[in-house]
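Chemist: I have a structure here, written as structure tokens, and I will follow up with some questions on it.
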Amino acid sequence: MAKWRALNDYSPFARLLVEYMWEQRPPLLPNQFAQRMGVRKQQVSSWLNSDASPAPSLLVRLARGMARPVSELFIAAGYASSSDPLFDIEETWTHVMAEVQATPEFLALGEPQQIIVIGTLHAAHLRDRSHSAIDMAVTAISEDVDDEENGDENGDENTDEEGGNENNNDGMIDA
């Protein structure tokens with residue numbers, strides 16, 4: 001059974017993981033979190049019990065799996081600062097909208113013109129989101145086809161893409 005410490009006893013990155021696990025209903029144990037995220041439980045243990053954090057490519061995957069902003073995990077892991085965050089598509093559009101709405105030119109517009117500007121930006125955002133979803137689907141399909149052509153039905157391959165880690169052909173990443 002997992003022994004939990006006070007949240008302040010964890011590193012900033014580990015604190016995000018613990019908060020996520022506790023928010024789930026029922027709360028997740030570290031091994032359940034590892035399974036859900038597709039990583040080894042030893043890696044999760046390392047992240048929870050030290051200042052270790054995963055490679056940036058794995059952080060992106062964790063952020064997606066946790067439905068958290070990528071920049072939140074990058075900042076917690078020490079790869080970015082809150083004064084210069086990295087953005088994903090959703091964060092970028094939120095940032096763009098806030099910046100546009102704060103400009104003197106936007107504030108000088110009448111309400112009907114402001115609505116038109118916001119509507120135009122919103123339509124562009126929806127278009128970008130749909131293109132992004134299509135691109136991700138095409139990429140996933142092409143990766144599956146490549147895996148099948150290479151005789152790899154599980155999509156497992158030895159790679160160092162995750163910061164020098166090797167895959168053990170069981171779908172989990174070794175530390």
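The values are calculated or read from the model by the stated rules, or taken from the named source; none is laboratory data. The structure displayed is predicted, hence computed values, not measured ones. Please note: Cβ atoms are built from the backbone with ideal geometry, for glycine as well, and neighbour counts cover all protein chains shown.
Chemist: Exactly one condition in (1) assigned to a loop (DSSP other than H, G, I, E, B); (2) at pLDDT below 95 is false for V39; which is it?
Modeler: Unmet condition: (2).
Chemist: Are there any pairs with C-beta distances below 6 angstrom linking a residue in the stretch 50-64 that is of a type in the set (D, E, K, R) to a residue that is not in a helix (DSSP H, G or I), with the two at least 6 apart or on different chains, and if so which?
Modeler: Pairs that qualify, where the first residue is of a type in the set (D, E, K, R) and the partner is not in a helix (DSSP H, G or I), are D51/S11.
Chemist: Quick test for you: out of A76, A63, A6, A14, pick the one residue that is over 30 Å from D128 (Cβ atoms), touching a helix residue (DSSP H, G or I) at 6+ places or on another chain (Cβ under 7 Å) and not acidic (D, E).
Modeler: A14
Chemist: Here are some residues: L17, L58. Which one is part of a helix (DSSP H, G or I), within 26 Å of W4 (Cα to Cα), in contact with a strand residue (DSSP E or B) (Cβ under 8 Å, 6 or more places away or on another chain) and not assigned by TED's automatic domain parsing to the domain that holds L121?
Modeler: L58
Chemist: Note down all Cβ pairs under 9 Å where the first residue falls in the stretch 96-111 and is within 18 Å of D128 (Cβ to Cβ), the second is among the β-branched types (V, I, T), and they're at least six residues apart or on different chains.
Modeler: Qualifying pairs under 9 Å: M97/I118; V100/V117; V100/I118.
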